[in-house]
1. With I137, I72, I78 as the choices, which residue is within 26 Å of K41 (Cα to Cα) and of a type in the set (V, I, T)?
2. List pairs: first in segment 133-156 and under 14 Å from I99 (Cβ atoms), second surrounded by fewer than 16 Cβ atoms within 10 Å (Cβ to Cβ) and among the β-branched types (V, I, T), Cβ under 8 Å, 6+ apart or cross-chain?
3. For segment 11-31, check the following and say yes or no: at least one residue is under 24 Å from A131 (Cα atoms) and not β-branched (V, I, T).
4. For segment 121-152, enumerate the residues that are assigned to a strand (DSSP E or B) and buried (at least 20 other Cβ atoms within 10 Å of the Cβ).
5. Restricting to segment 9-26, what's the tally of residues that are touching a Gly at 6+ places or on another chain (Cβ under 7 Å) and assigned to a strand (DSSP E or B)?
6. Looking only at segment 33-49, how many residues end up being surrounded by 12 or more Cβ atoms within 10 Å (Cβ to Cβ) and touching a Cys at 6+ places or on another chain (Cβ under 8 Å)?
7. Give just the number: which of (1) surrounded by 14 or more Cβ atoms within 10 Å (Cβ to Cβ); (2) modelled with pLDDT under 95; (3) not basic (K, R) does C30 not satisfy?
Amino acid sequence: MELTHFNTSGRAKMVDVGDKKDTERYAKACGYIEMKRETLKAITDGKVKKGDVLAVAQVAGIMAAKKTSEIIPMCHNISLTGCDIDFEIDFTSCRIYIISTVRTFGKTGVEMEALTAVSAAGLTIYDMCKAIEKDMIIGDIKLLEKKGGKSGEFIRG
(Lines give C-alpha, C1' and ligand atoms only; values in the text may rest on other atoms or scores of the structure.)
Protein backbone atom coordinates (compact mmCIF):
# COMPACT_ATOMS: atom_id res chain seq x y z
CA MET A 1 0.00 0.00 0.00
CA GLU A 2 1.31 3.42 -0.96
CA LEU A 3 1.22 6.16 1.65
CA THR A 4 -0.31 9.19 -0.05
CA HIS A 5 0.50 11.93 2.45
CA PHE A 6 4.25 12.11 1.68
CA ASN A 7 5.96 14.04 -1.10
CA THR A 8 9.00 12.82 -3.06
CA SER A 9 11.26 14.19 -0.31
CA GLY A 10 9.48 12.09 2.30
CA ARG A 11 7.81 15.10 3.90
CA ALA A 12 4.14 15.46 4.74
CA LYS A 13 1.78 16.86 2.11
CA MET A 14 -1.92 17.37 1.62
CA VAL A 15 -3.17 14.98 -1.08
CA ASP A 16 -4.45 16.63 -4.26
CA VAL A 17 -8.05 15.52 -4.76
CA GLY A 18 -8.68 17.87 -7.71
CA ASP A 19 -9.08 15.07 -10.25
CA LYS A 20 -11.44 12.97 -8.13
CA LYS A 21 -15.14 12.86 -8.96
CA ASP A 22 -17.69 14.44 -6.65
CA THR A 23 -19.82 11.74 -5.02
CA GLU A 24 -22.14 11.47 -2.08
CA ARG A 25 -20.11 10.81 1.07
CA TYR A 26 -21.33 9.60 4.45
CA ALA A 27 -19.63 8.61 7.70
CA LYS A 28 -20.91 7.46 11.07
CA ALA A 29 -18.74 7.31 14.19
CA CYS A 30 -19.30 6.63 17.86
CA GLY A 31 -17.68 6.71 21.27
CA TYR A 32 -18.71 7.07 24.88
CA ILE A 33 -18.08 8.94 28.08
CA GLU A 34 -18.26 6.93 31.28
CA MET A 35 -18.99 8.51 34.65
CA LYS A 36 -20.38 7.92 38.10
CA ARG A 37 -24.12 7.35 38.39
CA GLU A 38 -24.51 10.65 40.29
CA THR A 39 -22.92 12.59 37.43
CA LEU A 40 -25.09 10.87 34.84
CA LYS A 41 -28.19 11.61 36.92
CA ALA A 42 -27.18 15.29 37.23
CA ILE A 43 -26.96 15.45 33.43
CA THR A 44 -30.28 13.73 32.77
CA ASP A 45 -32.07 15.68 35.52
CA GLY A 46 -30.75 19.01 34.20
CA LYS A 47 -28.89 19.78 37.44
CA VAL A 48 -25.48 20.67 35.99
CA LYS A 49 -24.74 24.31 36.83
CA LYS A 50 -23.22 25.06 33.42
CA GLY A 51 -26.50 24.26 31.64
CA ASP A 52 -27.98 21.64 29.33
CA VAL A 53 -24.98 19.37 28.88
CA LEU A 54 -26.22 17.35 25.92
CA ALA A 55 -27.53 20.38 24.02
CA VAL A 56 -24.16 22.11 24.35
CA ALA A 57 -22.25 18.90 23.49
CA GLN A 58 -24.40 18.45 20.38
CA VAL A 59 -23.59 21.94 19.14
CA ALA A 60 -19.89 21.44 19.99
CA GLY A 61 -19.79 18.21 17.98
CA ILE A 62 -21.37 19.84 14.95
CA MET A 63 -19.04 22.85 15.18
CA ALA A 64 -16.02 20.54 15.48
CA ALA A 65 -17.06 18.56 12.39
CA LYS A 66 -17.22 21.84 10.45
CA LYS A 67 -13.72 22.85 11.69
CA THR A 68 -11.94 19.49 11.33
CA SER A 69 -9.52 20.77 8.68
CA GLU A 70 -8.34 23.41 11.18
CA ILE A 71 -7.52 20.72 13.76
CA ILE A 72 -6.19 17.78 11.71
CA PRO A 73 -3.30 19.05 9.53
CA MET A 74 -3.79 17.03 6.33
CA CYS A 75 -7.61 17.15 6.21
CA HIS A 76 -9.26 19.03 3.37
CA ASN A 77 -11.68 21.83 4.08
CA ILE A 78 -15.01 20.16 3.28
CA SER A 79 -18.39 21.77 2.78
CA LEU A 80 -20.68 19.55 4.83
CA THR A 81 -24.25 19.00 3.69
CA GLY A 82 -25.32 17.57 7.04
CA CYS A 83 -24.14 16.66 10.52
CA ASP A 84 -26.05 15.21 13.45
CA ILE A 85 -25.11 14.01 16.93
CA ASP A 86 -27.21 11.53 18.90
CA PHE A 87 -26.79 10.44 22.50
CA GLU A 88 -27.81 7.16 24.10
CA ILE A 89 -27.94 7.13 27.90
CA ASP A 90 -27.01 3.81 29.50
CA PHE A 91 -27.62 3.82 33.25
CA THR A 92 -26.40 0.22 33.56
CA SER A 93 -22.87 1.05 32.39
CA CYS A 94 -23.09 4.73 33.48
CA ARG A 95 -22.17 5.81 29.97
CA ILE A 96 -23.40 8.28 27.43
CA TYR A 97 -22.86 6.90 23.94
CA ILE A 98 -22.18 9.56 21.33
CA ILE A 99 -23.06 8.85 17.69
CA SER A 100 -22.28 11.27 14.86
CA THR A 101 -23.38 11.14 11.25
CA VAL A 102 -21.84 13.44 8.66
CA ARG A 103 -22.66 13.93 4.97
CA THR A 104 -21.23 15.81 2.01
CA PHE A 105 -21.19 15.75 -1.78
CA GLY A 106 -17.60 16.13 -2.78
CA LYS A 107 -14.17 14.76 -3.65
CA THR A 108 -13.14 13.35 -0.29
CA GLY A 109 -14.77 11.55 2.62
CA VAL A 110 -16.02 12.74 5.98
CA GLU A 111 -14.64 10.05 8.30
CA MET A 112 -12.40 12.50 10.15
CA GLU A 113 -15.29 14.93 10.56
CA ALA A 114 -17.47 12.22 12.12
CA LEU A 115 -14.68 11.13 14.48
CA THR A 116 -13.86 14.73 15.42
CA ALA A 117 -17.54 15.40 16.16
CA VAL A 118 -17.69 12.48 18.62
CA SER A 119 -14.44 13.57 20.26
CA ALA A 120 -15.54 17.18 20.72
CA ALA A 121 -18.95 16.17 22.08
CA GLY A 122 -17.27 13.89 24.64
CA LEU A 123 -14.78 16.57 25.64
CA THR A 124 -17.60 19.07 26.04
CA ILE A 125 -19.51 16.73 28.35
CA TYR A 126 -16.31 16.29 30.35
CA ASP A 127 -15.73 20.06 30.52
CA MET A 128 -19.26 20.80 31.66
CA CYS A 129 -19.20 18.10 34.36
CA LYS A 130 -15.60 18.21 35.62
CA ALA A 131 -16.66 20.21 38.70
CA ILE A 132 -18.79 17.19 39.70
CA GLU A 133 -16.34 14.47 38.65
CA LYS A 134 -12.82 14.50 37.28
CA ASP A 135 -12.30 10.79 36.61
CA MET A 136 -14.75 10.42 33.72
CA ILE A 137 -13.43 8.32 30.84
CA ILE A 138 -13.87 9.15 27.16
CA GLY A 139 -13.34 6.01 25.13
CA ASP A 140 -13.78 3.66 22.22
CA ILE A 141 -14.04 6.35 19.56
CA LYS A 142 -14.29 4.60 16.20
CA LEU A 143 -15.65 4.73 12.68
CA LEU A 144 -18.79 2.63 12.27
CA GLU A 145 -19.61 3.24 8.61
CA LYS A 146 -18.37 5.10 5.57
CA LYS A 147 -19.93 5.31 2.13
CA GLY A 148 -18.88 6.93 -1.13
CA GLY A 149 -15.68 7.48 -3.02
CA LYS A 150 -13.23 5.19 -4.77
CA SER A 151 -12.62 2.99 -1.73
CA GLY A 152 -16.35 2.26 -1.48
CA GLU A 153 -18.27 1.20 1.56
CA PHE A 154 -17.00 0.27 5.03
CA ILE A 155 -19.21 -1.16 7.74
CA ARG A 156 -17.60 -2.19 11.03
CA GLY A 157 -18.15 -5.91 11.60
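1. Only one candidate qualifies: I137.
2. L144/I155; E145/I155
3. Scanning segment 11-31 turns up at least one residue that is under 24 Å from A131 (Cα atoms) and not β-branched (V, I, T).
4. If the condition is that a residue be assigned to a strand (DSSP E or B) and buried (at least 20 other Cβ atoms within 10 Å of the Cβ), then K146 is the only one that fits.
5. Total satisfying the criteria: 4.
6. Going through segment 33-49 one residue at a time, the tally reaches 8.
7. Every listed condition holds for C30 apart from (2).
The rows are residues; the columns are (1) surrounded by 21 or more Cβ atoms within 10 Å (Cβ to Cβ); (2) in contact with a helix residue (DSSP H, G or I) (Cβ under 7 Å, 6 or more places away or on another chain).
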| site | (1), (2) |
| --- | --- |
| K66 | no, no |
| P73 | no, no |
| E88 | no, no |
| I98 | yes, yes |
| G109 | yes, no |
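The values are calculated or read from the model by the stated rules, or taken from the named source; none is laboratory data. Given the structure is predicted, the values throughout are model-derived calculations rather than measurements. For neighbour counting, all protein chains shown are included, and Cβ atoms are generated from backbone atoms with ideal geometry for every residue, glycine included.
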